[in-house]
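I have placed the structure first, in the form of structure tokens, so that the comments after it can refer back to it.
The values are calculated or read from the model by the stated rules, or taken from the named source; none is laboratory data. The structure displayed is predicted, hence computed values, not measured ones. A quick note on method: Cβ atoms are made from the backbone with ideal geometry, for glycine too, and the neighbour counts reach across all protein chains shown. All accessible areas refer to the heavy atoms of the entire protein, side chains included, with ligands and DNA or RNA removed. Shrake-Rupley method; radii C 1.70, N 1.55, O 1.52, S 1.80 Å.
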Amino acid sequence: AYADNHCDGLFLPAVDHLGIRVPIRAIVERIRQTSQIQFVLVDAAQAFCQLPIEESVAVADFVVTGGHKWMRAGQPMGIGLFGQHQSRSLISNSLRKISCISGDIDPLLQFTEQLDGSVLNGHSETVNLAPLFSCGAAAVTHTENGQIFEASLQSASCTEFLSIPVELRHWIPILPDQTLRSRISLFANRQPTQCPNPTEYARREWLTYGCVVTAYANGWVRVSPPQELPLPSILAAQSAGTRRVVEVTR
């Protein structure tokens with residue numbers, strides 16, 4: 001499809017809307033065998049703090065994610081990660097130009113860019129630093145627990161499907177290949193309803209048993225099983241995130 005449509009860049013999700021892990025590295029390397037790729041952008045919003053994203057960073061020019069899926073993030077903040085060395089100056093220069101534009105640009109972005117350049121313009125408005133704290137905690141947790149997430153995923157992928165209420169056992173799991181699984185589970189109803197609005201019916205059925213799902217018109221639902229992190233990891237992430245932000249703002 002890339003070659004047929006004469007594309008010059010890629011924009012791919014690390015985990016797609018159904019919760020399937022996209023083999024970013026395999027796709028990029030395969031395309032590069034026959035075509036030129038000028039820029040690769042990966043959306044890791046659904047992978048950050050859930051799955052390792054090192055392979056995406058290894059082949060992408062820029063990986064974007066954020067704190068909006070980090071529990072209790074308050075006011076979330078976007079995160080951008082450099083990938084390929086040769087495109088860093090292009091991204092840095094573009095970011096610098098954007099931060100200098102007046103108007104509806106995020107004031108926190110402008111402020112952090114000024115701190116990074118050690119030059120304050122003296123007219124910055126009061127900036128809310130709260131997003132930096134939750135974002136820093138999320139980043140530390142992702143770094144420290146990347147291997148733990150991957151190991152637990154391999155052992156828990158099949159058992160997660162067994163944790164649904166007995167009353168919902170007419171919903172059967174959709175199992176992608178082991179390498180493409182995330183913590184997001186898909187189920188299909190083996191007793192299709194004749195309800196005129198099957199997606200709403202599915203949502204209400206699961207909600208009756210305390211489960212919030214995303215329902216699709218093809219009869220599938222997407223479920224994200226609850227996940228608990230060890231308290232020491234959470235406390236470590238909080239303290240590390242706070243310490244790093246304090247060091248930066250000093």
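Here are the numbers for the structure shown:
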read-out	value
Selected residue (criterion: modelled with the highest pLDDT) from residues of the range 110-138 that are in a helix (DSSP H, G or I) and of a type outside the set (A, V, I, L, M, F, W, C)	Pro131
Condition broken by Glu144, with the remaining ones in (1) at pLDDT 75 or above; (2) touching a helix residue (DSSP H, G or I) at 6+ places or on another chain (Cβ under 7 Å) satisfied	(1)
Hey, Pro107 at pLDDT below 85 and surrounded by 16 or more Cβ atoms within 10 Å (Cβ to Cβ) or not	no
Options Asp4, Asp16, Asp8: the member that is open to solvent by less than 60 Å² (accessible area, probe 1.4 Å) and among the acidic types (Asp, Glu)	Asp16
Leading residue by the ranking (surrounded by the fewest Cβ atoms within 10 Å (Cβ to Cβ)) among those in the range 32-58 that are of a type in the set (Gly, Ala, Ser) and under 17 Å from Leu180 (Cα atoms)	Ala45
Residue that is under 22 Å from Tyr216 (Cβ atoms) and either of a type in the set (Val, Ile, Thr) or without any contact (Cβ under 8 Å) to a residue 12 or more places away in the chain (or both), where the choices are Ile53, Ile31, Ile20	Ile20
Number of the exception - Glu29 against (1) buried (at least 17 other Cβ atoms within 10 Å of the Cβ); (2) in a helix (DSSP H, G or I)	(1)
Unmet criterion (only one of (1) at pLDDT 85 or above; (2) surrounded by 11 or more Cβ atoms within 10 Å (Cβ to Cβ)) for Ser163	(1)
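A quick yes/no check of all residues on (1) part of a loop (DSSP other than H, G, I, E, B); (2) in contact with a helix residue (DSSP H, G or I) (Cβ under 8 Å, 6 or more places away or on another chain):
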{"site": "Pro173", "(1), (2)": "no, yes"}
{"site": "Pro176", "(1), (2)": "yes, no"}
{"site": "Glu200", "(1), (2)": "no, no"}
{"site": "Arg204", "(1), (2)": "no, no"}
{"site": "Arg222", "(1), (2)": "no, no"}
